[in-house]
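Colleague: My questions will all concern the structure given below.
The values are calculated or read from the model by the stated rules, or taken from the named source; none is laboratory data. Because the structure is predicted, anything quoted here is derived from the model rather than measured. When we count neighbours, we look across all protein chains shown, and the Cβ atoms used for this are built from the backbone with ideal geometry, even at glycine. Side chains are part of the model used for accessible areas, which takes the heavy atoms of the whole protein and leaves out ligands, DNA and RNA. Shrake-Rupley method; radii C 1.70, N 1.55, O 1.52, S 1.80 Å.
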Amino acid sequence: MRELTICEMQAVSGGDFFEFVGAVIIGGITGTTSYAMKWAMSGGSTGGIIGAGIISGGVGLIIGSVVGLINGVLYGAINGWDVTVAWFNTLVENTLDPNAPVITA
């Protein structure tokens, strides 16, 4: 029995299933992280009297996480494994760089 090529493995029934599931999971994680950071920062920067910036930052964190999860799952499902992992790698590389902008999809 010979080894299957990449094209043959993808043609097998369900061959792309685990790639799809992996892309959806990585996309969900990446979307949640990037949107939570972005929305928490923008919500917290509004300031206000008596700590309203803290409250709006917390609300932004929660809403941004939900929106980012939905967006990331859809991004992973539509674009596939390779593009989604590149987005994940870009986000992780820029997380520790204080001068880099927050990256979203």
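Colleague: Mind giving me the FRET efficiency for M9 and N89? R0 is 35 Å, r the Cβ-Cβ distance, nearest 0.05 is fine.
Modeller: Using R0 = 35 Å, I get an efficiency of 0.90.
Colleague: Hey, what's the range 19-96 come to in accessible area per residue, 1.4 Å probe, Å²?
Modeller: For the range 19-96, the solvent-accessible area averages 57 Å² per residue.
Colleague: Grab the beta carbon distance between N99 and I54, set R0 = 30 Å, and tell me the FRET efficiency rounded to 0.05.
Modeller: With a Förster radius of 30 Å, E is 0.75.
Colleague: Carbon-plus-sulfur fraction of the accessible area of the range 19-96, 1.4 Å probe, in percent?
Modeller: 77
Colleague: Distance between Cα centroids, the range 68-88 to the range 17-35: provide it in whole Å.
Modeller: 5
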